[in-house]
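The structure appears below as structure tokens.
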Amino acid sequence: MALTVDEAARVFTDPSAYADEPRFYAACARLRREDPVPYVEVDGYDPFWAVTRHDDLLDVERDLTGWLAGPRPALGPKGYGDPDEVPVRTLVQMDPPDHTKFRRVSADWFKARNIARLGDRAAELAKRSVDRMAELGGECDFMRDVAMHYPLYIIMALLGIPESDYPRMLTLTQELFGSNDPELARGATSNTARDTLLDFFEYFQRLIEDRRANPTDDLASVIANAEIDGEPIGILETVGYYLIIATAGHDTTSSAIGGGVAAMLASPDQLKLLTSDVSLVSTAVEEMFRWVSPVKQFMRTSIGEHVVGGVTIPDGGQVLLSFPSANRDETIFDHADTFDITRDPNRHLAFGFGAHYCLGTHLARLETRAFFDELVPRIVELEPAGEPEFMRTLFVGGPKHVPVRYRLR
Ligand code: HEM
């Protein structure tokens, strides 16, 4: 049965809505048409307005002085993100002047030229992942067996974390971002996200101490030894920095890769097109980012009054930026609900925009392309071995299971 506009606006506070993509996208389409900036008031959440259109989302992101990322950078249940609840400060919740200074610490590292140096390493890790897929025989859960691991290796290599700790980091990241999904959450208590954060904290605190005592040329050393205004950065901010890089760099990209494969399985003509012409990998990867939109939302708080999509947001009002909805905006994308690997240009907003524009875009593109550059020419056959299942989430996500049957060269 079709949702009412009020019900449609509630998808943003319902983790299971993201696990049911047809329902989620139908709700967003209805909102974009009839109530593009709805006011959402749901028990357990502070009220907010949801921004569902591409142009409106860009207007908010482009206005660098009109909105704050803090104190509520992303939607979570009431109290989520309180300073005593989350013991670290990360880039996503900072505003100028701190944000500008902290972002500068690693900005050079993430520039295209520096990231390009990682091309060979990414190709090697991609080959290892596809070899592993081949070793699994003709069937696997592509998400859990392949897509989950590969971006973690890349980001851990970048940070300089020893390979023996990769499995532990994988578990912690999944627990943190999967904590709305019963299958991925650590346990049944309400404090699980906090416990996971504390484990991260302990791990990274040791890493910082080590890199301060023995600096190397890895990214962990750059952060541990960075100074802002002539002072070393605080422990909470340093841990926060590692945390955002280790986590933001992981689930996002694995969701894009797993979701990209799920999309191709659902559109066999696109898979066929890609395997017949590997030069389409670049545009295919952009379409995967648009289609999957692994980051579901960020929030902004209004400084003064603003009109967004015809709706007046008062001073201190909070808006949720729905990246997946903007990425299906039919006024921007032709046949927006079709997965089209030849789409070019592709003005998707999967990486956001403006001051907080994803720091890892060059890396995400490099590693996702490297993966498909390796996989696609090796595909003899690739078909679904069951229905994909999507994560319950409020923040970052994509598929959690993508059963596949295949023959690889
Ligand atoms: C497909 C993969 C990825 C997607 C879809 C994605 C998406 C996003 C989005 C939507 C934002 C917020 C932008 C905004 O507020 O306008 C963001 C921020 C960020 N991303 Fe990514 N990201 C991806 C991969 C990565 C990778 C590989 C890294 C690093 C290793 C990374 C690091 C960050 C950081 C540090 C921020 C915070 C920037 C700030 O607040 O200034 N991301 N990302």
Checklist entry - Quick one: in the stretch 292-317, which of the residues that are away from the ligand (no atom under 12 Å from the Cβ) and open to solvent by less than 30 Å² (accessible area, probe 1.4 Å) is nearest to the chain's Cα centre (by Cα)? => result THR301
Checklist entry - Regarding GLU21, is this residue of a type in the set (D, E, K, R), within 18 Å of the chain's Cα centre (by Cα) and under 23 Å from ASN327 (Cβ atoms)? => result yes
Next on the checklist: I'm trying to understand the selection: among the residues of the stretch 254-274, which are within 16 Å of the ligand (Cβ to nearest atom) and either among the small types (Gly, Ala, Ser) or touching a Gly at 6+ places or on another chain (Cβ under 8 Å) (or both)?
Outcome noted: SER254, SER255, ALA256, GLY258, GLY259, GLY260, ALA262, ALA263
Checklist entry - Is it fair to say PHE372 is touching a residue at least 12 places away in the same chain (Cβ under 8 Å) and either over 29 Å from ALA134 (Cα atoms) or among the β-branched types (Val, Ile, Thr) (or both)? => result no
Checklist entry - Out of all the residues in the stretch 211-228, is one or more loosely packed, with under 15 Cβ neighbours inside 10 Å and of a type in the set (Val, Ile, Thr)? => result yes
Checklist outcome for this item: Note on the stretch 279-299: residues under 17 Å from ARG53 (Cβ atoms) and out of contact with any Lys or Arg (no Cβ under 9 Å at 6 or more places or on another chain) are LYS296, GLN297, PHE298
Checklist entry - Quick check, is SER267 surrounded by fewer than 19 Cβ atoms within 10 Å (Cβ to Cβ) and more than 30 Å from ARG104 (Cβ to Cβ)? => result yes
Item to check | Selected residue (criterion: nearest to the ligand (Cβ to nearest atom)) from residues of the stretch 394-409 that are within 18 Å of ALA263 (Cβ to Cβ) and in a loop (DSSP other than H, G, I, E, B) | outcome: GLY398
Item to check | Single residue of the stretch 25-52 satisfying the filter (of a type in the set (Ser, Thr, Tyr) and in contact with a strand residue (DSSP E or B) (Cβ under 9 Å, 6 or more places away or on another chain)) that is surrounded by the fewest Cβ atoms within 10 Å (Cβ to Cβ) | outcome: TYR39
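Is one or more of the residues making up the stretch 44-58 among the hydrophobic types (A, V, I, L, M, F, W, C) and in a loop (DSSP other than H, G, I, E, B)?
In the first step, residues of the stretch 44-58 are kept if they are among the hydrophobic types (A, V, I, L, M, F, W, C); the result is 48-51, 57-58.
Now drop any that are not in a loop (DSSP other than H, G, I, E, B), which leaves none.
No, that holds for no residue.
So that you can scan it fast, the table gives a plain yes or no per residue for (1) within 16 Å of the ligand (Cβ to nearest atom); (2) basic (Lys, Arg); (3) open to solvent by 30 Å² or more (accessible area, probe 1.4 Å); (4) not in a loop (DSSP other than H, G, I, E, B):
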| residue | (1), (2), (3), (4) |
| --- | --- |
| ASP340 | no, no, no, no |
| CYS358 | yes, no, yes, no |
| ALA364 | yes, no, no, yes |
| GLU367 | yes, no, no, yes |
| PHE372 | yes, no, no, yes |
| PRO377 | no, no, yes, yes |
| GLU383 | no, no, yes, yes |
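Looking at SER282, is it away from the ligand (no atom under 13 Å from the Cβ), of a type in the set (Ser, Thr, Tyr) and modelled with pLDDT of 95 or more?
Answer is yes for this residue.
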Next on the checklist: Suppose we filter the stretch 393-402 for residues that are open to solvent by 30 Å² or more (accessible area, probe 1.4 Å) and modelled with pLDDT of 95 or more; how many remain?
Outcome noted: 1
Next on the checklist: Which count do you get for residues in the stretch 139-170 that are open to solvent by 10 Å² or more (accessible area, probe 1.4 Å), of a type in the set (Ser, Thr, Tyr) and within 13 Å of the ligand (Cβ to nearest atom)?
Outcome noted: 1
Item to check | Criterion violated by THR173 - all others in (1) away from the ligand (no atom under 13 Å from the Cβ); (2) modelled with pLDDT under 85 satisfied | outcome: (1)
Checklist entry - Among PHE353, PHE333, PHE390, which is the only one that is of a type in the set (A, V, I, L, M, F, W, C), more than 16 Å from the ligand (Cβ to nearest atom) and in contact with a Lys or Arg (Cβ under 9 Å, 6 or more places away or on another chain)? => result PHE333
Checklist entry - Restricting attention to the stretch 241-253, and to residues there that are in contact with a Gly (Cβ under 9 Å, 6 or more places away or on another chain) and open to solvent by less than 20 Å² (accessible area, probe 1.4 Å), which single residue is farthest from the ligand (Cβ to nearest atom)? => result ASP251
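The values are calculated or read from the model by the stated rules, or taken from the named source; none is laboratory data. Fair warning: this is a prediction, and the values are worked out from it, not measured in the lab. Neighbour counts are summed over all protein chains in view; Cβ atoms, including those assigned to glycine, are modelled from backbone coordinates with ideal geometry. Accessible surface areas use protein heavy atoms only, side chains included; no ligands, DNA or RNA. Shrake-Rupley method; radii C 1.70, N 1.55, O 1.52, S 1.80 Å.
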